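I am attaching a structure below and will ask some questions about it afterwards.
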Amino acid sequence: MARMARKLKGIAAAPGVAIAPIVHFHAALDHIPTWKVAPDGLAAERARFQCAIAEVAADLMALQKELSGAIATHDARIYDAQLAILHDPTFQKDVESEIVQHHVNLEVALQRVIARYEACFAAMENAAMRERAADLRDIGRQLVGALLATERGKYTANGIDYLFAAEEFLPSDAGILDRAHIRGIVTEHGGKYSHGAILARSLGIPSVVGIEQIMLESQTGTVAIIDGDAGLVILDPTPEQLQDYERMRAEQVAIDRRLSELRFQPSVTQDGVAVQLMANVEGVRDLDSLEPESIAGIGLFRTEFAFMERRQFPTEDEQVAMYSRAMIGAEGKPVTFRTLDVGGDKPLGYFKMPDERNPVLGWRGIRLCLDWPDILYSQMRAILRASAHGHARILLPMVTTRNEVARCREVMGQLVADLKANGVPHDATIELGAMVEVPVLVSVLPDVLPLCDFVSVGTNDLVQYLLAVDRDNQRVAKMYDPFHPGVLRVLKQIADAANSAGKGVSICGEIAGDHLFTPLLIGLGFRELSMAPVFLPRVRLMLRSFTECECRDLAARALALQSTTAVRALVRDEILVRWTRQLAGTPEERRS
């Protein structure tokens, strides 16, 4: 009996789609020998240590050379960092001291010292530094493997395509991959900025990390889909899911061929109507991979991730440094900072949240910040100070009432007056906006808009609330469908209200990055879309495939339909057909 398809959510580490059977990789050594080292054996252990260091160093340099043509030059420096650890005098001295003081053999001494170092890294506030602990584990594993003469051959799946599944993907693992047949990487541990994730991106291997259940939920031979864009792994996919993802994979090949044509082309409809395509980012490190020339700005800077990766609340000065870096990186283009949106599925480890029966509908977003005004004051003041470096905007999450916006605008007025009185540089005309993600706000939007400079629609929560569907609940997730006619009508109501009031309106939820939704959003009246950067090429290409008049016609017809099935049929017959022609046809055919 076939197993039911299962979706596992993780962290998107390297973009792309991969479909193949999973192969489990177990890195742990079966047995670490332990013995007592007599005083006259200390010299022998030191000699073994130096031999192991020399062997691992030679292997790392060989691997660096092997990968030099396959990865970016700056990514190859990851192995320089490992070599630095290996030759670090303090590291070597600490290992030798462990042997001398406790009379343990080298393998045990290495394990103990590496464990102490890891604990130090784990206590660090900076997430990127915490992830460097993986490099220490990797060095320790390589040294012990050298001491035990453990051979690490290429990890293959008998010559067939495969997905590499493991507890984590470490830099040295790049040397055992059968790069001719590996199609994707999925791990239980690791972060977006770990060296393993960086190497996966550089090698062009779709990767999802942080799926704790992957080794239990799957087995070698399990067919799976890795969606490195959405951070999703689908085990035992249905024929329909396989068909959809095979199509996506084929599309990506065609899109890659056309990227050079469109990369810096204007984001306009076929008849020249401009649409602002912006990027969603989770922190300043995401800016390093962005090309400012290809985007209109940062439509959503999720500040909560900077709070979540720390061990305590960041100070105002620390926030100013972070936000200023984002402003400078945006090169004068707008950066929309969403104020702290924790609670629900995004807790802070150092801030005790109450136990709530339904946290998604509980104490979160702007509700939490207004109850703890020190948090709001500190963050808004920091954003205002950073605004001196460019064009900043402040976005309030989880707004439900006019009063919430009024209270925040009052706070902002007080902060502006204080900064002015103290001669602190800032933008006194900074824009304040509200997220439309709670359905009740839609009906009172005309009352709220006079207090806002813009609004941004958070469709992830809005659709979830409108349909009363938890999209992470496998029993009802299939009912989560933003193409529902009721959802389209609510989006139209929001766009009409904002446009009538002369206020900017954007979409920053996932549908902004769904290219099949693009013509409908333009037809509904949206002229600013903010999405994960990986989706920008698809959306830009789709945008340039339709005229504004065609988009309005499609939206009008979709609004008149009475079922999700009918809307999806319209998308399939009119939007998908055009999209396919754009990818496959000649320039003349694409214009027809």
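Considering each residue of the range 443-478, count those that are surrounded by fewer than 16 Cβ atoms within 10 Å (Cβ to Cβ) and either at pLDDT below 80 or touching a Cys at 6+ places or on another chain (Cβ under 8 Å) (or both), and give that number.
Going through the range 443-478 one residue at a time, the tally reaches 8.
Would the range 149-166 turn up any residue that is under 19 Å from Thr34 (Cβ atoms) and modelled with pLDDT under 85? It would help to see each step written out before you state the result.
Residues of the range 149-166 under 19 Å from Thr34 (Cβ atoms): 149-150.
Next cut, modelled with pLDDT under 85 only: 149-150.
Taking every residue of the range 149-166 in turn, at least one turns out to be under 19 Å from Thr34 (Cβ atoms) and modelled with pLDDT under 85.
Could you list all residues from the range 10-58 that are of a type in the set (Asp, Glu) and surrounded by 16 or more Cβ atoms within 10 Å (Cβ to Cβ)?
Glu45, Glu55
With respect to Gly344, is the statement that it is at pLDDT below 80 and either out of contact with any Lys or Arg (no Cβ under 6 Å at 6 or more places or on another chain) or of a type in the set (A, V, I, L, M) (or both) true? Before you say what the answer is, go through the steps one by one.
Working: at pLDDT below 80: yes; either out of contact with any Lys or Arg (no Cβ under 6 Å at 6 or more places or on another chain) or of a type in the set (A, V, I, L, M) (or both): no.
Answer is no for this residue.
Taking the range 220-240 on its own, how many of its residues are in contact with a Phe, Trp or Tyr (Cβ under 8 Å, 6 or more places away or on another chain), among the acidic types (Asp, Glu) and either in a strand (DSSP E or B) or free of Cβ contacts under 8 Å to residues at least 24 places away in the same chain (or both)?
1
Here is a yes/no grid of residues against (1) modelled with pLDDT under 95; (2) surrounded by 19 or more Cβ atoms within 10 Å (Cβ to Cβ); (3) charged (D, E, K, R):
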| residue | (1), (2), (3) |
| --- | --- |
| Glu510 | yes, yes, yes |
| Leu516 | yes, no, no |
| Gly523 | no, yes, no |
| Arg527 | no, no, yes |
| Val534 | yes, no, no |
| Phe546 | no, yes, no |
| Glu550 | no, yes, yes |
| Thr586 | yes, no, no |
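Select, from Ile225, Ile160, the only residue that is buried (at least 20 other Cβ atoms within 10 Å of the Cβ) and at negative phi.
Ile225 is the lone residue from the list that is buried (at least 20 other Cβ atoms within 10 Å of the Cβ) and at negative phi.
Here are the criteria: (1) under 20 Å from Leu395 (Cβ atoms); (2) surrounded by fewer than 18 Cβ atoms within 10 Å (Cβ to Cβ); (3) in contact (Cβ under 8 Å) with a residue 24 or more places away in the chain. Tell me which single one Gly502 does not satisfy.
All conditions pass for Gly502, except number (3).
Okay, next question. Within the range 362-421, which residues are in a loop (DSSP other than H, G, I, E, B) and surrounded by fewer than 22 Cβ atoms within 10 Å (Cβ to Cβ)? Don't jump to the end; show me each part of the working.
Step one: of the range 362-421, the residues in a loop (DSSP other than H, G, I, E, B) are 362-364, 372, 390-391, 397-401.
Result: Gly362, Trp363, Trp372, Gly390, His391, Thr400, Thr401.
Quick one: which of Ser289, Ser267, Ser294, Ser324 is touching a residue at least 12 places away in the same chain (Cβ under 8 Å) and in the same structural domain as Cys551 (by TED's automatic domain parsing)?
Answer to the check: Ser267.
Still on this model: In the range 196-219, what residues are without any contact (Cβ under 8 Å) to a residue 60 or more places away in the chain and not in a helix (DSSP H, G or I)?
Glu212
Just wondering, is there one or more residues in the range 524-535 that are charged (D, E, K, R) and farther than 14 Å from Val275 by Cβ?
no
Further question on the same structure: Among the listed residues Leu300, Leu287, identify the single one that is assigned to a helix (DSSP H, G or I) and within 28 Å of His189 (Cα to Cα).
Numbers: Leu300 fails: assigned to a helix (DSSP H, G or I).
When all the criteria are applied, what remains is Leu287.
Next up: For the range 98-125, which positions are touching a Leu at 6+ places or on another chain (Cβ under 9 Å), among the acidic types (Asp, Glu) and in contact (Cβ under 8 Å) with a residue 24 or more places away in the chain?
Glu107, the sole residue that qualifies.
The values are calculated or read from the model by the stated rules, or taken from the named source; none is laboratory data. None of the values given here were measured: they were computed from a predicted structure. Heads up, the Cβs are rebuilt from the backbone with ideal geometry, glycines too, and the neighbour counts pull from every protein chain shown.
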